[in-house]
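Step one of this worksheet: look at the structure below.
Just so it is clear, none of the values below were taken in a lab; they were calculated from the coordinates. What you see is a predicted model, and the numbers here were worked out from it, not measured in a lab. In this analysis, Cβ positions are derived from the backbone assuming ideal geometry, glycine residues included, and neighbour counts consider all displayed protein chains.
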Amino acid sequence: MRKGFTLVEIIAVIVILGLITLLSFPIILNAIKKTENNLSLGTKNLIYSASSQYINSHINDYSKTKGNVYCITLDTLVKENLLPATIQNEGLGDFGLQTKVKITISDDKYDYDIDNSCVEVK
């Protein structure tokens with residue numbers, strides 16, 4: 001009777017485990033990146049929602065005229081208690097409070113985007 005494994009059997013198992021690792025590693029990395037993007041999308045949605053609340057509560061200051069562009073800083077949204085003081089963007093660190101939300105009026109609706117080079121057009 002034989003006890004234990006031969007060197008060839010052990011090497012074969014190590015090679016098979018290495019191949020499994022090589023094949024699964026990119027799949028795991030892609031799943032992690034997708035999760036980070038979803039969290040960033042969630043952060044953007046939070047900012048867009050706060051911007052919408054701000055616009056609706058200051059409707060007299062922001063006319064709903066097609067083509068108008070308004071810029072609101074995250075600091076303004078924080079001061080209005082619509083956002084927390086620290087806004088995390090997973091994988092990219094914190095958003096600065098001087099980050100601008102660009103609000104464009106098109107076809108009687110508001111479109112939101114994060115754009116630090118925003119210039120207001122009224």
Contact order relative to length of the chain, as percent, for alpha carbon pairs under 8 angstrom and 6 or more apart: 24 percent
Helix 7-57 axis, angle to the chain major axis (alpha carbon atoms, nearest 10°): 10 degrees
Vicinal HN-Hα couplings computed from phi for the range 72-86 (Karplus, 6.51 cos²θ - 1.76 cosθ + 1.60; Hz; Gly/Pro x): 10, 7, 5, 4, 4, 5, 5, 5, 7, 6, 9, 9, x, 5, 10
Kirkwood hydrodynamic radius of the chain, from inverse mean 1/r over distinct Cα pairs, in Å: 18.0 Å
Positive-end residue, the range 7-114 charge dipole about Cα centroid, Cβ charges, pick of Ile32, Ser51, Gly18: Ser51
Only Lys, Arg (+1) and Asp, Glu (-1) charged, at Cβ; the chain dipole about Cα centre in debye: 460 debye
Helix-only CD estimate at 222 nm, as mean residue ellipticity for the chain, using -39500 (n - 2.57) per DSSP H run (n ≥ 4): -17000 deg cm²/dmol
Spatially proximal lysines relative to Lys33 (Cα-Cα < 22 Å; intrachain offsets below 8 disregarded): Lys44
Of Pro84, Leu74, Thr6, farthest towards positive along the dipole that unit charges on Lys, Arg, Asp, Glu beta carbons give the chain: Thr6
Amide proton proximity set for Leu83, modelled H, under 5 Å, gap of 5+: Val78
